[in-house]
Every structure is written in structure tokens, then in C-alpha cells.
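Derivation of every value follows stated rules applied to the coordinates shown; laboratory data play no part. Every value quoted in this text rests on a predicted model; they were computed, and no experiment measured them. In this analysis, Cβ positions are derived from the backbone assuming ideal geometry, glycine residues included, and neighbour counts consider all displayed protein chains.
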Amino acid sequence: MTDISDTASAAHLLGAADIRRIADEAGVSPTKKFGQNFVIDPGTVRRIVREAHVDASTHVLEVGPGLGSLTLAILETGATMTAVEIDPPLAERLPQTVAEFMPDASGRLTIVNRDALTVGPDTLPEFADGKPFTLVANLPYNVATPILLTLLERFDNLDSFLVMVQKEVADRLAAAPGNKIYGTPSVKLAWYGEAKRVGTIGRNVFWPAPNVDSALVHFQRFDTPRPQELRARTFSLIDAAFGQRRKTLHAALKKVVPAEAFAKAGIDPTRRGETLTIDEFTALAAAVEGAETPKNAANKEKRS
């Protein structure tokens, strides 16, 4: 990947004065409703883009572009991108910012004014061609995990992501079994691929400064997907197990997992959900499916 800092094409990215001026001109104030904290440090957004391995050949989705700090850093690489912004005034202002600071890149940016939790291949047809794309975003802290899991479910070709999230959220997303912060987000994300923390970001790079530190999480989807027909069952077991994480699997899952399924999956029912890997949850889901098949067949026979 080209090092932007070594090229003559390096653009003027947004600093604190730029951000405040644009916000003032647009009549925009950061809102807690949308979890808005705007990045005011060009070095930080360039670091995010570098960690995401974005170059001119990359097709990028950005969620929550805000005033355009990260957007400009992505466009600086030559990449083609779509930015999904929930806040109408920000979505309306973004083209003007790009036209001012990087006019040659305007043709490589598509802006969609929409809640990221509602998008899919039908509403983002540019990502419906099956070709791999990457998500690069400074995600609102309060909805980061739902956004990630929703996009991974709806887009099989979302190949990777690099996101900045609250440090505690980053720790949970990348946690391993047995860790006290290992939970539902950790296991469900592991269904799709591998996540790891790749850096910490201080509070001083934001306006307004949040009350917590942030961290970068990199994710790479597995080349071979898990059985799609088991996803709903597996996620249901994960929810049940972590819904009562202090209980053993036998106690937490007694209403949904027959005793023989534990034996078939090779899992000790006296363990707790926080000790199981995604492979073990998947094996248990498969065992439950197998255990239910004869019962379902018998029920069908009785009804006939």
C-alpha cells in the first residue's frame, strides 16, 4: 500500500479548527442521541486507514462519517467508498466538505442518509455484486456491536473491517474463551471470522472528548463459512448460555438442549458458557438438530 505521507498527493485533512468551522457553518452540534464524537486529529484517521490496509483498489463502506474526518483519509488513498450517515444535516453537508478539501475525489464517494441497522444489499446495491469490500468506521459506542453483527449477517462479501470503538467494547469483541469479558459479542463475531485489537486511541483526538478511551479492532472473515443452517440455532444457544452465565450449561440450556446432545457434541454439561469456543457452540447446535430430528419425525407420523 502506498504511504500517503511520502507522496505529493497528501491532502489537507480536517483538524480541530476545520471541524469546528464546518460544524458551525452547518449548524451542527454533536449529539448523544447518535453517539457523535468527531475526530480532530489527521494522524489518527490516517492510522485507521493504514491499519485497514486500504488502497486505491479497495471498496470501502464507512458508517457514521460525521463531518468527514475519516472519509477524507479514506478517499486520500484513491479508494471508492460509500458513507452511510443517519443524521440528515451531516449527510447533506458531507459532499460540500469533500468538494472543498478533495474535489477530485467527489466522484468516488456515495452518501446514503440511512440508519446502518437498516441497510442491506437491496439498499446498498454497490455492495451486492459479491465482490469483497471492507468496513472502515469510527462507530457510535452505543450501537457498535449490533451494527457489526448486522452487516456481517447481511453481506457475505464484507471481507474485513477496521473500526474504532470504545475500549471496553473492543476488549469484548476480541476476547477469548475463559476471559471474564468473553461474552455474546465475542462468540457471535467469532462465528464469522477472527477479531483482534490493534491499537488504543486517547480521548484528546475527539471533539467533544468522550469520557472513555477508544481502541481499534481489526477483523478478517474466514475463507470457509460455517454452516448457514446452524447460525440461528447456534446464536440462540449463545444467548441462552450467556443470559445465565453463572449457571452450568445443563442448567442454563435445560429447556432447549436434550441431555444426549451434550454427549453427542462431546461437551461436559457442567461447564459454563463462558468456557465454550464458537466451534463447541456450533457442535452443540448440530447435536441439538440431530437429537430433534427423530422427535420431529415421530410427531409428523402421529399427525398424519
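What does the net charge come to around Gly183 if you take all other residues with beta carbon closer than 12 Å to its beta carbon, with K and R at +1 and D and E at -1?
Details: positive: Arg172, Lys180, Lys188, Arg245, Arg272; negative: Glu168, Asp171, Asp239, Glu274.
That sum, taken over residues with Cβ under 12 Å, equals +1.
Normalised by the residues of the chain, what does the relative contact order come to in percent, with Cα pairs under 8 Å and at least six apart?
Details: 506 pairs, mean separation 42.7, N = 304.
After rounding, I find 14 percent.
Give me D for the chain in µm² s⁻¹, whole number, from Stokes-Einstein with Rh from the Kirkwood sum over alpha-carbon pairs, 4 °C and 1.567 mPa s. Walk me through the numbers before you get to the answer.
Values: Rh = 20.9 Å.
Reported coefficient: 62 µm²/s.
What residue among Ile147, Ile267, Ile86 shows peak mean-square fluctuation when the chain is described by a Gaussian network model with Cα springs under 10 Å?
Result for the chain, Cα springs under 10 Å: Ile267 fluctuates most.
How far is helix 278-303 tilted off the main Cα axis of the chain, in degrees rounded to 10, range 0 to 90?
50
I'd like the projected area of segment 228-292, averaged over all directions, using the convex hull of its alpha carbons. Report it in nm² with one decimal. Write out the running numbers ahead of the final one.
On the way: hull surface 14.6 nm².
So the mean shadow area of the Cα hull is 3.7 nm².
Based on the mean of other Cβ atoms within 10 Å per residue, sort peptides 167-174, 89-96 so the most packed one is first. Could the numbers behind the result be given before it?
Numbers: 167-174: 20.5, 89-96: 17.9.
Sorting 167-174, 89-96 by mean packing, highest first, produces 167-174, 89-96.
What does the convex hull of the Cα atoms of segment 48-126 come to per residue, in Å³, rounded to a whole number? Please list the in-between numbers first.
Values: hull volume 6.8 nm³, N = 79.
Taking only Cα atoms, segment 48-126 has a hull volume of 86 Å³ per residue.
Can you pull the one-decimal nm distance between simple spin-label points at Lys264 and Thr224, each 7 Å off the Cα toward Cβ?
2.2
Kindly write out, for segment 139-146 in residue order, the coupling ³J(HN,Hα) from the Karplus curve 6.51 cos²θ - 1.76 cosθ + 1.60 (θ = phi - 60°), rounded to whole Hz, with x marking Gly and Pro.
Whole-Hz 3J(HN,Hα) from phi for segment 139-146: 7, x, 4, 6, 10, 4, 5, x.
Give the percent of DSSP beta bridges with both residues in the chain that are antiparallel, rounded to the nearest 5. Write down the numbers at each step before the final one.
Numbers: 18 of 36 bridges.
Antiparallel: roughly 50 percent of the beta bridges in the chain.
Starting from the amide H of Ala83, placed 1.01 Å from N in the peptide plane, find each other amide H under 5 Å away whose residue is 5 or more places distant or on another chain.
The list, which skips near neighbours in sequence, is Glu62, Thr110, Ile111, Val112.
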